[in-house]
Amino acid sequence: MLTSITAYSYGIAAVAFFMLTVLLLTSWRARIFGTALTVACVITAFWAASIAYQAARGISLPLLTDILEILRNAGWSIFLLMLLGPFQQTNSLAPFKFKLKPYVVGIVAFYIVLLFVNIYTYWKLEPPQGETGFMTDIVGRVVMAVMGMLLVEQLYRNTPSKGRWGIKFACFGIGGLFAYDFYLYSDAMLFRQVNMEIWTARGAVNALIVPLVAVSATRNPQWSLGISVSRRILFHSATLLGTALYLLAMSAAGYYLRFFGGSWGAVMQVTFLFGAAALLVGILFSGAFRSWLKVFISKHFYNYNYDYREEWLGFTRTFSEHGHGLGERTIQAVAALVESPGGVLFISRESGNCEPVAHWNMSLPNESESASGSLCQFLENKQWVIDLQEYDSNPEKYSAIFIPQWLRVLPKGWLIVPLILLGRLFGFMILSQPRSRVKLNWEVIDLLKIAGSQAASYLAQQESTNALMVARQFESFNRMSTFIVHDLKNLVSQLSLLLSNAEKHKNNPEFQRDMLDTLDYSVQKMKLLLHKLSRGSSIEHPAPLFVDKLLRQTLALKSAFEPKPELEILDPGLVVVANWDRLERVIGHIIQNAVEATPKNGKVIIRISKQEAFVVVEIKDTGQGMSEEFIRERLFKPFESTKSAGMGIGMFESREYIHELGGQIEVSSRQATGTTFRVILPFHRHVDDVRDAASRQE
């Protein structure tokens with residue numbers, strides 16, 4: 001049983017030192033101190049691995065074990081000596097500088113002699129037997145431990161006070177390694193044998209120095225290889241180690257309860273262990289405990305309170321999550337920086353007040369704060385983080401600003417964090433008391449101010465996006481309304497032309513029939529336009545249609561006009577893909593403009609033909625024509641019109657829709673001669689699609 005425990009104990013040590021070696025090698029920067037540290041870690045890993053292998057296999061290789069142990073101690077001693085070496089060039093080791101060289105020579109010589117003595121003893125002589133050989137071997141190991149502890153003591157004592165922060169954990173770890181060896185072999189000298197339980201625990205003890213050395217390597221740039229011990233790894237490692245120690249303690253307590261509890265021992269043991277397990281689960285899942293441990297690690301193991309890379313990644317990740325509003329995510333992101341479990345967000349509005357807009361684990365107050373009040377002006381001008389408890393005890397520090405009573409008595413209120421955007425106060429955030437006490441030093445305050453500015457930019461972007469969405473909705477509605485009003489204007493123009501010709505042709509039955517058809521079409525068209533306007537949308541889906549059929553219907557409504565448009569179909573049965581109403585409105589608008597621009601004795605001719613893969617609808621008139629400058633600069637420009645009652649969007653809408661269909665509009669005109677519009681649309685080859693669509697409608 002003890003053999004398997006030995007294998008596990010030293011196996012853990014081997015894995016720990018191998019991991020530290022990998023971290024050192026992957027961050028290699030060729031510093032001599034880092035090289036020595038890496039070599040010491042590699043030798044220690046092989047030493048622990050060899051003992052674990054021997055214990056697992058049930059074999060014994062004393063020579064290999066002794067050599068690796070000597071090399072391990074020599075590696076750590078040389079590393080300590082190299083750290084002591086640079087002090088020779090300063091005045092920080094005045095009493096030690098003249099003794100350093102012989103001291104180094106003596107230590108190195110001792111390890112070399114000890115190594116050759118062990119090799120010679122095992123190879124040339126019989127292994128040392130009896131009490132004399134045992135004591136000689138143990139004394140050498142005790143001397144190695146004592147020299148190691150002396151080197152650690154010299155390093156720590158001769159390091160300036162301001163530099164001890166960077167090496168103290170390495171001194172604790174390496175000193176603990178040699179101190180445990182001293183304890184092991186002193187016990188062996190006293191009882192004339194090695195205590196196997198102490199020997200077995202030696203591997204786990206060596207594994208515990210790995211995080212201490214790693215932390216010092218991170219802290220001290222003079223001899224580290226640039227490795228960085230993740231706070232997350234240290235947090236989980238500390239949690240795991242604490243859990244293991246807790247379980248061991250509780251197991252030992254349960255054992256003694258069973259041993260001394262008599263007939264109630266088993267019951268007491270089970271009850272105690274269940275309660276201990278429940279307590280452990282409660283602690284591990286406690287937010288306050290996790291917060292306290294994070295703060296403790298940052299405070300005692302690192303120079304800075306934050307791992308800024310991890311904090312910024314977490315900050316950004318919180319903003320990118322789904323399931324909550326941006327305001328709530330903003331509070332969570334900023335509150336996480338100071339272990340706060342809740343908060344309230346206020347944003348400045350057009351009303352001139354900072355109003356509460358979001359909350360997280362705090363009640364949303366009904367009050368708002370004036371943007372011109374002393375609090376908001378102080379936050380904008382000073383950009384300070386206000387500690388409400390400090391304000392209550394020392395209000396003069398904050399220039400005697402007035403903080404409203406409702407804010408001061410806000411349950412669990414702690415900090416007021418300003419949200420500054422472009423030098424102006426965008427809003428502020430109230431955070432609740434943290435789970436564990438956080439000291440508000442310059443680092444915490446600066447981080448909160450930067451995080452507040454970043455949060456303000458996110459919130460401002462959302463506010464701008466929402467405002468843009470509303471503006472686009474109004475723009476879409478206004479644009480639709482403009483086109484509908486334009487269509488109504490066209491209908492009014494048609495009815496006006498009809499009315500102007502009614503006096504002349506009122507007794508003509510054919511004119512009366514055309515007039516009734518035009519009136520009926522106008523009424524139906526206006527009803528459709530009103531329906532679209534009331535629904536707030538005008539979704540129109542394209543479909544295959546016959547161009548000649550559409551033009552016949554369009555011209556039937558223009559038959560009462562003078563001059564009467566004429567239709568020439570050069571290629572019948574041509575099909576395009578478009579929305580019937582919109583294409584009819586586009587071509588109808590061009591035809592109506594041609595009629596209005598042409599005298600009654602003139603001509604308006606509409607011609608349909610096919611040219612390669614396109615359908616061409618040509619509208620030609622003999623009207624007054626247009627100049628090239630007008631066509632180039634004003635014809636298709638929205639809200640530009642030469643008509644007294646025109647809106648200037650008809651041709652703009654026509655060109656936009658034709659381009660949407662993949663076609664184009666060409667215009668040629670000469671003043672006092674006439675104008676020709678050519679509407680060019682892609683030809684749709686599948687005529688059966690139109691017939692099928694028509695049959696389904698029927």
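The values are calculated or read from the model by the stated rules, or taken from the named source; none is laboratory data. Fair warning: this is a prediction, and the values are worked out from it, not measured in the lab. Every residue, glycine as well, gets a Cβ built from its backbone with ideal geometry; the counts of neighbours run over all protein chains shown.
Couple of notes before you dig in:
- Residue in region 176-189 that is at pLDDT 80 or above, crowded, with 19+ Cβ neighbours inside 10 Å, of a type in the set (S, T, N, Q) and out of contact with any strand residue (DSSP E or B) (no Cβ under 9 Å at 6 or more places or on another chain) present: no
Matching residues to (1) of a type in the set (Asp, Glu); (2) surrounded by fewer than 20 Cβ atoms within 10 Å (Cβ to Cβ):
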| residue | (1), (2) |
| --- | --- |
| Glu311 | yes, yes |
| Gly314 | no, yes |
| Glu321 | yes, yes |
| Ala335 | no, no |
| Val338 | no, no |
| Ser348 | no, no |
| Glu355 | yes, yes |
| Pro365 | no, yes |
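- Considering residues of region 430-446 that are touching a Phe, Trp or Tyr at 6+ places or on another chain (Cβ under 7 Å) and buried (at least 21 other Cβ atoms within 10 Å of the Cβ) only, the residue nearest to Leu313 (Cα to Cα): Leu431
- Against the conditions (1) at pLDDT below 90; (2) surrounded by fewer than 17 Cβ atoms within 10 Å (Cβ to Cβ), Leu635 satisfies every one except (2).
- The number of residues in region 254-305 that are of a type in the set (A, V, I, L, M, F, W, C) and either closer than 30 Å to Glu443 by Cα or modelled with pLDDT under 70 (or both) comes to 12.
- Candidates in region 418-453 are the residues that are of a type in the set (A, V, I, L, M, F, W, C), closer than 19 Å to Glu390 by Cβ and part of a helix (DSSP H, G or I); of these, the one that is modelled with the highest pLDDT is Leu448.
- Some residue of region 561-579 being in a helix (DSSP H, G or I) and crowded, with 16+ Cβ neighbours inside 10 Å: no
- Which numbered condition Leu419 fails, given (1) more than 22 Å from the chain's Cα centre (by Cα); (2) closer than 16 Å to Val344 by Cβ; (3) of a type outside the set (Lys, Arg): (1)
- In region 136-153, the count of residues that are within 24 Å of Ile198 (Cβ to Cβ), in a helix (DSSP H, G or I) and either outside the structural domain of Leu208 (by TED's automatic domain parsing) or modelled with pLDDT under 70 (or both) is one or more.
- In summary, Val577 fulfils each of the numbered conditions (1) in contact with a strand residue (DSSP E or B) (Cβ under 9 Å, 6 or more places away or on another chain); (2) within 22 Å of Ser522 (Cα to Cα) with the single exception of condition (2).
- Residue check for Arg582: out of contact with any Pro (no Cβ under 8 Å at 6 or more places or on another chain) and either at positive phi or in a strand (DSSP E or B) (or both): no
The rows are residues; the columns are (1) β-branched (Val, Ile, Thr); (2) at pLDDT below 80.
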| residue | (1), (2) |
| --- | --- |
| Val42 | yes, no |
| Ala45 | no, no |
| Ser60 | no, no |
| Ile70 | yes, no |
| Pro95 | no, yes |
| Val105 | yes, yes |
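- Qualifying residue in region 553-574 (condition: under 21 Å from Glu656 (Cα atoms), of a type outside the set (Lys, Arg) and modelled with pLDDT under 90): yes
- Matching entry among Ala471, Ala451 (being of a type in the set (Gly, Ala, Ser) and assigned by TED's automatic domain parsing to the domain that holds Asn381): Ala451
- Residue, surrounded by the fewest Cβ atoms within 10 Å (Cβ to Cβ), within region 190-200, restricted to residues that are assigned to a helix (DSSP H, G or I) and β-branched (Val, Ile, Thr): Ile198
- All helices (runs of 4 or more DSSP H) inside region 300-414 with 3 or more residues being touching a residue at least 60 places away in the same chain (Cβ under 8 Å): 308-320, 326-335
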